[in-house]
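Here is the structure we will look at, set down as structure tokens.
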Amino acid sequence: MTDTPPAPGAMTQADIAEWRGGWRTVLGAGIGMGSGVALYLYVASIFIEPISAEFGWSRGDLALGGMISFMSGAVTLPLIGRYIDRIGFRPVAIVGSIGLASVYTLTALQPGLYAAYLALMIAGGIFGGGASSIAYTRPVIAAFAGQRGLALGLATAGTSIAAMIAPPLLAYMIGEYGWRVGFFTLAGLTGIIGMPLALLLIGRAREAHASASDEIDTHAPRVADVSFRDAIRTRRFWLLIAAIACINIPGSGVLGQLAPLVSDTGLSDGAVAIVMSIYAAGLLIGRLVTGFALDRFPAPWVGAITTLVPAIGIGLLMWPAPSFALAAIAVAMIGAQQGAETDLFAYFISRSFGIKNFSSIYGVIAMAGALSTAVALISFGKIHDATGSYDIALTIGAVLFCLGAVAFGLIGRKPTKAAMAAPVS
């Protein structure tokens, strides 16, 4: 009697063994990402009014601090990635989380000096990189091979869950006890609860140098790790740079202007709030569905399809006087792609270039994504100011999403030439 081969897409015994040994790593990474710098990104706007009222700073003053923080974090990501590759993710996550918690604490204690606020924002951007997905995806990709896509999807879902839970919690703390207690709460969530619990769950998860391969099945040919220098010489690396820029400019531009953009369609304030919640749900669904699909279908096609979906969403959003249902579907489609982003790039980088230099390569690609986000945050608002509508910005965004889909489609499934040429250890 012969063993019946598993059905296509079904879990094998090796897959089950991966989950048996790695579910704690996924849970820990999700908690780490959800309580790291992503947590602040979801609640930052809640602090604007109370801080502005106490110190007399304008919203533009506070936005400048946020932009400086974002840029300082972006340019340090390659360095953080390099340190992760050299010393492991744990020391970087510990320093990043404690540093970020310290920034929150000092912000709560600061007397209202704008220069001090800007300095703290710069420090927050730098430390935040160590408390982000660049650190916590590392143990996940090291612990999973056949189920790597789904594992990444579940781990990055931690930020989506944080986006649902944190805003009402922080709004309550600020409303009852003031914005300073809100920052103390963030410090506790990041440095006292989140990071220690994440590392406890991850335990001594291996950081072995897994083989690089674009094939989904376990019979894929083994491909060696690729050095950082060789990686940046490949076409695939630059296609990933192009893809993340084409995704982040429209995705971040829409997110940064989401409330006024949806409001301009004629929906009520209550409907706009619900649509924004649907965006958060789209993030979660996008992460889970993309992770599941990456383990079962050709990754370039998964990337291309998930990047075409928000282009359709933008088209629906530009529909004259869209109904609530149409606007909700459109925003969910855009949110789903933004949720898929971390899954896609962590998966492609690990499958294309291996794990030994994963964080260094990821850091450079993430920096490109962060810089393109900064461009989006400025340009979408400026285009609206100049034209009186978001139509031109949305049209450009739809075109960029399509170009991003093309970039994914051009990546191909075969391992990079650099990986094929490198010796297998």
Can we say I383 is surrounded by fewer than 24 Cβ atoms within 10 Å (Cβ to Cβ), of a type in the set (A, V, I, L, M), modelled with pLDDT under 90 and in a helix (DSSP H, G or I)?
yes
I'm trying to understand the selection: among the residues of the stretch 117-162, which are β-branched (V, I, T), surrounded by fewer than 24 Cβ atoms within 10 Å (Cβ to Cβ) and modelled with pLDDT of 90 or more?
I122, I126
Could you look through the stretch 342-357, keep only residues that are charged (D, E, K, R) and in a helix (DSSP H, G or I), and pick out the one that is surrounded by the fewest Cβ atoms within 10 Å (Cβ to Cβ)?
R351
When you scan the stretch 45-66, how many residues do you find that are surrounded by fewer than 15 Cβ atoms within 10 Å (Cβ to Cβ) and either touching a residue at least 12 places away in the same chain (Cβ under 8 Å) or not assigned by TED's automatic domain parsing to the domain that holds A166 (or both)?
1
Output the qualifying pairs, or none if there are none: Cβ atoms under 6 angstrom, residues six or more apart or on different chains, first residue in the stretch 309-330 and over 18 Å from V406 (Cα atoms), second residue outside any helix (DSSP H, G or I) and of a type in the set (V, I, T).
P322/T265; A327/T265
Can you tell me which residue among T307, T265 is closer than 21 Å to T395 by Cβ, buried (at least 21 other Cβ atoms within 10 Å of the Cβ) and under 20 Å from the mean Cα position of the chain (by Cα)?
T307
Got at least one residue in the stretch 60-70 being assigned to a helix (DSSP H, G or I), closer than 23 Å to G153 by Cα and either among the hydrophobic types (A, V, I, L, M, F, W, C) or at pLDDT below 85 (or both)?
no
Can you give me the number of residues within the stretch 278-307 that are out of contact with any Ser or Thr (no Cβ under 9 Å at 6 or more places or on another chain) and of a type in the set (K, R)?
1
Residues that are modelled with pLDDT of 90 or more, of a type in the set (S, T, N, Q) and on the phi < 0 side of the Ramachandran plot: does the stretch 274-292 have at least one?
yes
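The values are calculated or read from the model by the stated rules, or taken from the named source; none is laboratory data. Since the model is a prediction, treat every value here as computed from it, not as a measurement. Cβ atoms come from the backbone with ideal geometry, glycine included; neighbour counts cover every protein chain shown.
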